[in-house]
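Please read the structure below before turning to the comments.
The values are calculated or read from the model by the stated rules, or taken from the named source; none is laboratory data. Just so you know, these numbers come straight off a predicted model, no measurement behind them. Note: ideal-geometry Cβ built from the backbone for every residue, glycine included; neighbour counts use all protein chains shown. SASA here: full protein model, heavy atoms, side chains in, ligands and nucleic acids out. Shrake-Rupley method; radii C 1.70, N 1.55, O 1.52, S 1.80 Å.
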Amino acid sequence: MKKHQKHAKLSKPEIGNFGRNELSLVGAPCGEIQELAAAIIEGLNIPNSTYIDADHSFGDSEEAGLRTNELTDKIKYFRFDKKKLNDFDKKILLNDQELVLVNGNHFQANKQLVLIHPKKEASLKKRLDQLTNVKGFILCDGMGAPFEWLEDLQKDKPVLRIDQKEEIVSLVKRYIETPVIKGLVLAGGKSTRMGEDKGQIDYHGLPQVDYLLKEFEKGGIEAFVSCRPEQYQGYNRITDKFESLGPFGAIASAFQSDPNAAWLVVACDLPLVNTSVFEELISKRNHHKIATAFHNLETNFPDPLITLWEPKAYMRLMEFLTLGYSCPRRVLINSDIEEVQPENPAILKNVNTPEEREEFELKA
């Protein structure tokens, strides 16, 4: 008998206890861990980095903290201190962070750097079961090698001294993963103004959807067609899971399909877009931000219909949806994005009506 599944099976983002790229520093006094974390963050120069620690003014308890929530508005920035955070709150709060460093004396992370300190051997032994994915060992002052009982974890792992800050930064940088890019051709519209399926119009010797899929293929990018359930059967496709939300729903549906990929989205009514345009956008990619978008000179806004959306954009899109907004341009305007000028602004010209099509073909 088939097992009953109460809830829909969804693809889950690859997030640890705090974020996509998290690393605990464990095995030394908290002061030394704090100093090393600060050196790593400064060396990496990633603006959206976070260090997780306990409030030591209340002792070593993980539960120590505020008595009330506090929101401080200091003109230049906001600071929000929340009294309690459960496991889901932490992941939501840290969604936009590229790197999360964790004091492993108090909290766990899915990757670890083990500090070897002469006064912390017993403490480290107690946390042996937390060393699940060790990426390297750091020898503190007075130590010439990791403890012998860590021998099984040392195989092929780098061993550095605490004063080798540049090498430690390079090691951490190696484990900050850049999401793979997938392509998405938006072809689910009803083409009411054009009077025919815009994805089937032939500008380059084959239907526009097929042309864009081949351009993605030239760039080595796995691509999908975003469409309604009755469209493009037999294609590599993602059907709309968010009905009547237009491009916003298409982008959200792609992230529901694979929340760990960055999605390079292009509308099928942009006939001048090709592989070189994809490569131009990717070359200017800033994966620390939620998206990289071309600036559209006609609208004077970022263009959401040829944009590289990073995995962290999924949660941002859902936040706007819960507030009653389903405009991807509004998300871009009000989020931390990389906005770039296209080398040829004409590539952003879309064709939505028979008159615009005739004008385009006359100029082509």
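Normalised by the number of residues in the chain, what is the relative contact order in percent for Cα pairs under 8 Å and 6+ residues apart? Don't skip to the end; give the middle numbers.
Working: 605 pairs, mean separation 53.8, N = 364.
Relative contact order comes out at 15 percent.
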Exercise. Placing +1 at every Lys and Arg Cβ and -1 at every Asp and Glu Cβ, with all other atoms neutral, what dipole size does the chain have around its Cα centre, in debye to the nearest 20?
Worked result: 1100
Seminar exercise, completed: In degrees, nearest 10, the alpha-carbon axis of helix 246-257 is tilted away from the dominant principal axis of the alpha carbons of the chain by 40
For this session: For helix 354-363, report the angle its Cα long axis makes with the longest principal axis of the Cα atoms of the chain; keep it between 0 and 90° and round to the nearest 10°.
Result: 90
Exercise. By how many degrees, 0 to 90 and rounded to 10, does the Cα axis of helix 313-322 deviate from the longest principal axis of the chain?
Worked result: 70
Exercise. Which residue fluctuates the most in the chain, going by a Gaussian network model with Cα springs under 10 Å, if the choices are 311, 271, 158?
Worked result: 158
Exercise. Farthest toward the dipole's positive end in the stretch 228-364, which of 299, 350, 327, given Cβ charges of +1 (Lys, Arg) and -1 (Asp, Glu) about the Cα centre?
Worked result: 327
For this session: List the longest stretch of the chain that has no exposed loop site; here a site is one of the trypsin sites (Lys or Arg not before Pro) assigned by DSSP to anything other than H, G, I, E or B, with at most 12 other Cβ within 10 Å.
Result: 191-364
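What's the local net charge at residue 296, with K and R +1, D and E -1, over the other residues with C-beta under 11 Å away? Kindly include the intermediate steps, with their values, before the conclusion.
Values: positive: 329, 349; negative: 298, 303, 339.
It works out to a net charge of -1.
Leaving out ligands, DNA and RNA, what percent of the accessible area of the chain is carbon and sulfur, probe 1.4 Å?
On the way: 9730 of 19990 Å².
After summing per-atom areas, the C and S share lands at 49 percent.
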Problem set entry | Cα-based equivalent ellipsoid of the chain: semi-axis lengths in Å, sorted from largest, via gyration tensor | 46, 22, 20
Problem set entry | Heavy-atom surface of the chain, accessible at 1.4 Å and reported per residue (Å²) | 55
